[in-house]
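Structure first, then comments.
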Amino acid sequence: MFRRIVGGLVDAAGRRPAVVLILSLFFMFGSWTYARKLELRSDFLELLPRDSPGFKAFEHQLGRVGGSATFLVVVESPDRKANEAFVDELSGELETQAAKRKTCVAACAEGDAACKGACGPDFVSYVESGTKDLNDFFEKRKWLYARLSDLEEADETLDHEIAYRGFVERLDDDEPPPPPSPPPKTAPGAKPAAPSATDAGVAAAPPATDAGVADAGADPHLTLGMDKYYERWKSSSSKFNDFPSGYFANDAGTIMVVRIVSNASGTGGYSGDLFLADMTKRIADLHITEKFHPQMKVGFAGDIPNAVAEKESTLSEAAWASGIAFLLILGGIVVYYRSPWSLIVIAIPALMGVGAAYAFATAAFGFVNTPGAFLGAIILGNGINYPIVLLSRYREFRARGMEKQEARREAVLNAFRAELVGASVASIAYGSLTITHFRGFSQFGTIGFVGMLLVWVAIVPVVPAMIVTIEWLQERLPPWLRDPTPAVASDGSSGVVMRSIAKVTERWPIAFVIVPLVFTAWAATHLPAYLRDPWEYNFSKLGSRSSKQVGGPGEWSNKADNEVFRGKQNISGTLILADTPEQVPALEKQILDSDKADPKGQLIEEIVTVHHFLPGTPEQQKEKLAVLERIRERMTPYVLHQVSEEERRRLDEMRPPEDLTVVVPKDLPPLIKRRFEENNGKLGTLMYIKYKYGVSFSDGRTLLRMAKTTDNVKLPDGTLVQTASRSTIFAEMIRSMERDGPLATGASFIAVTIVVIIATRSRIGTFSVLLALTMGVACLVGLAAYTQTRLNFFNFIALPITFGIGCEYPFNVFDRTRLLKGDVTSAVSRTGGAVALCSYTTTIGYGSMLFSDNQALQSFGRLAMWGEIACTVTALLFLPSLLHLLLRTKKRAGQT
């Protein structure tokens, strides 16, 4: 029945090749067209399972405070004034545009999306160009930000000085003393009056008043000892403003920043692309070198430019890598078959599988994460194995004298078992990833499973139909366009290299068994220490390199962080969110206590809440206001008139205004208040953790410590506060790898073992195939250990995939040996070429990732290539030699 069904399908495809070809092209065109809608999301958040505690807590936080994606415009020139002019003009334009859109949207009817859409893109939430509002706010309230002890000391000093100077009697006098009388006029010709004792340099007694206090005018040398308090009060409020110029600038003013908080996506979404394009055009339209300064440079930094750069780098290199891989794969096929026509036979099923995989991803997910961007090249390299084996069998049977129709049918039937096992183990390799919760694994595995399955399904009708079509075309083409004589001998062997390998493994089997075993043993010596902790904790080795290059967002981010914002009060910290403002003190204390209990040392410098920017509690502020009222009452106009003009000016500045009131969070300026405000306007639930200088956010072990201290904190009253931060996401990824990695690897190995046992139905076959596979994987992991290539959430996928893909090659050699009644030499000479070509195409598919700018994907490509090469060597050298020894031993045992 099996032969009738499969043979009938092959014959039908041979009779109606045009129908099969047209349907195949329609399917390929439709799937690729539909897959154009697929979006790449490069944010690490997209790798986590949506039901993980970290992801749910982070989403909960985003729902309350929004993503607050940042877009930094960094300007650099040697002229401070030019930089300030640029900042003023750009921020003014953006604020005007945002205000106009807000007015337009407000005029639209509720739910009128078309009207709101006509108002323009919603890119800008708000713009921060500097700290001018901070200057005004704290200057007007500097007295309240002084310490109570300083205020009391100043009050006592002022009281003492007034009493000592004899001004006590006039404290209630709100009027300054009258100016001294002018000297009497002298009549024309009269002698002036004799000089007084004072004029002669003799101290005259001051004229007596009712109170006995001098009021003849200010003493130019008299002070009230308040200078030190004046400086203290100024500094007490200025500590909250790290940018006294009013701009986000470095000390020299050569670098300035405009900070835009955007509604666009900060995770690599399309809205981020549009906003970046809009800002690029806006800067170009300003003609900065002509309008502001010839040496002015402007760059972009922050969440949105970095995410877009990461995505563009991944997409660009995925396209280049896939294209290069495609050309190298096709070039290898042409060289092997000596036929450019073979490209069409082999490429169409593979391209159908790639298109189907990405179309499925579009329908099922709507996007792919970063590993999925390179999945096309991997499916192309792996999936092309099936048509290669099938075409090789057909050519072999034709070389041995079979008729075309019989050769097509027998090629499919003869290769079907090996192809089915290959497709099964490959699907298992990808499918093992789908049982994990880590989306970085499961999505990759699901899409890869669909792609590989579609390639295998397509080969049965498509390859025979393409063979018939091409043979029909070649009969009608001039000789120079036809294929040359195939490089297949009459016995079916495929080339001198494979015949040589077949002979040497037959002649010296012990050597080709011992050498791989010794190398595997050497590799295995590195495994125990490596497997105790194989994970990559240095996250700086996992991201994009190009964003750090000159002119990239990484470089401008470093300038903004290191030269402008480093160590500043108001623009830093890891966001933590309490449920209510009342929880904040207890939550703050609990986090600090957990940090102190960390056996590896404290990480947290301080925790900043909205109360950090207030002059104290309401009660403390009222105490200050009482002292300030006394100071104000002491500084009467009469008292101020007695001191020098400079002292009077200073005291005027120090005199507290009468309208000072208690400062509450809602009074704070927008630059501060927005940091602590939820989407619904609730204030006081947000807090920011500032870590000690030198604490690395690229160290996975440090991130695990941070997450342990700050995630989902349980308060003393038993309340669980659902908290999350970026460290939560990275820590969750590490925990997911540690949990799901062994799960996927174990599932893949067990499933592959079951398939091999069922398919071989032979103890020798099961033992030899699984031993070859295990040796290949052991060599792969041993090389990773030797080269200190740590496992991460991308390259770990190479392990379960190597179990699947690496099992295909030794099984092909063993199955051909079975079909040839134990003739290992003929099996290698006939099948080895196809296996080597399959390995070449798969290695090229993995090697495409070496072109990736993403360092994690590069490491994936490296590991997968090592595994592929190791499994190919064991399949073509070790396995045949082992089969020779085992079959000889079995034959001798049977003879005795």
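The values are calculated or read from the model by the stated rules, or taken from the named source; none is laboratory data. No experiment lies behind these values; they were computed from the predicted model shown. Cβ atoms come from the backbone with ideal geometry, glycine included; neighbour counts cover every protein chain shown. Ligands, DNA and RNA are excluded from the accessible area calculation, which covers all protein heavy atoms including side chains. Shrake-Rupley method; radii C 1.70, N 1.55, O 1.52, S 1.80 Å.
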Legend entry - Heavy-atom SASA rank of Trp32, Trp320, Trp233, Trp535 (probe 1.4 Å, accessible area, largest first): Trp320, Trp32, Trp535, Trp233
Legend entry - FRET efficiency, 1/(1 + (r/R0)^6) with R0 25 Å, evaluated for Ala85 and Cys119 via beta carbons: 0.30
Inset, instruction - Take every DSSP beta bridge with both residues inside the chain and express the antiparallel ones as a percent of the total, to the nearest 5. - result: 90
Inset, instruction - Mind scanning Lys102/Lys297; Lys503/Lys821; Lys404/Lys503 and naming the pairs with a C-alpha gap bigger than 21 Å? - result: Lys102/Lys297; Lys404/Lys503
Legend entry - Simple label model, 7 Å out from Cα along Cβ direction - Gln620 to Leu887, nm: 8.7
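Mind checking the full-extension length gain between Leu683 and Leu527? Use 0.36 nm per residue of separation minus the Cα-Cα distance, one decimal, nm.
Details: separation 156, 0.36 × 156 = 56.16 nm, distance 5.36 nm.
Taking 0.36 nm per residue and subtracting the Cα distance, the gain is 50.8 nm.
Using the beta-carbon distance between Arg632 and Asp112 and R0 = 56 Å, what value does 1/(1 + (r/R0)^6) give for FRET efficiency, to the nearest 0.05? Present the calculation step by step, with values, prior to reporting the outcome.
Values: r = 55 Å, r/R0 = 0.99.
So, using R0 = 56 Å, E works out to roughly 0.50.
Apply 1/(1 + (r/R0)^6) to the Cβ-Cβ distance of Ala277 and Arg674, taking R0 = 25 Å, and write down the FRET efficiency to the nearest 0.05. Don't skip to the end; give the middle numbers.
Working: r = 26 Å, r/R0 = 1.05.
Once rounded, the FRET efficiency stands at 0.40.
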Inset, instruction - Describe numerically, in nm with one decimal, the distance between label points set 7 Å from Cα along Cα→Cβ at Leu473 and at Ala586. - result: 7.6
Legend entry - Note, ³J(HN,Hα) from phi for segment 33-39, Karplus 6.51, -1.76, 1.60, rounded to Hz, x at Gly and Pro: 5, 5, 5, 5, 6, 5, 10
Inset, instruction - Give, in nm to one decimal, the length gained when the segment between Glu139 and His160 is fully stretched (0.36 nm per residue of separation minus the Cα-Cα distance). - result: 4.8 nm
Inset, instruction - Name the cysteines of the chain that stand alone by the Cβ rule: no other cysteine Cβ under 4.7 angstrom. - result: Cys779, Cys807, Cys838, Cys871
Legend entry - Calculated mean projected area of the Cα convex hull in nm² (choose from [x] 47.6; [y] 57.9; [z] 50.5), label: [y]
Inset, instruction - Quick one: which residues, 5 or more positions from Ser125 or on another chain, have an amide H under 5 Å from its amide H? H modelled 1.01 Å from N in the peptide plane, none for Pro or chain starts. - result: Val261, Ser262, Asn263
Inset, instruction - Round to the nearest 10 and give me the degree value, 0 to 90, for the angle of helix 726-760's Cα axis relative to the longest principal axis of the chain. - result: 10
Inset, instruction - Using only Cα atoms, tell me the angle between helix 2-15 and the longest principal axis of the chain; keep it within 0 to 90° and round to the nearest 10. - result: 80
Legend entry - Integer Hz, Karplus 6.51/-1.76/1.60 couplings in order for segment 345-360, x for Gly and Pro: 4, 8, 6, 4, x, 5, 5, 4, x, 5, x, 5, 4, 6, 5, 4
Inset, instruction - Counting only heavy atoms of the protein chains, get the accessible area per residue of the chain (1.4 Å probe) and round it to a whole Å² value. - result: 45
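For each pair in Lys239/Lys692; Lys559/Lys692; Lys140/Lys690; Lys239/Lys666; Lys37/Lys682, compute the distance between the two Cα atoms and list the pairs where it is over 30 Å. Numbers along the way, then the final one.
Details: Lys239/Lys692 19 Å; Lys559/Lys692 20 Å; Lys140/Lys690 28 Å; Lys239/Lys666 20 Å; Lys37/Lys682 39 Å.
Violating the 30 Å limit, Cα to Cα: Lys37/Lys682.
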Legend entry - Amide N of segment 57-87 lying under 17 Å from the label point, which is placed 7 angstrom from the Cα of Thr719 along Cα→Cβ: 61
Inset, instruction - Evaluate the distance, in nm, between pseudo-label points positioned 7 Å from the Cα of Asp561 and of Glu645 along their respective Cα→Cβ axes. - result: 5.3
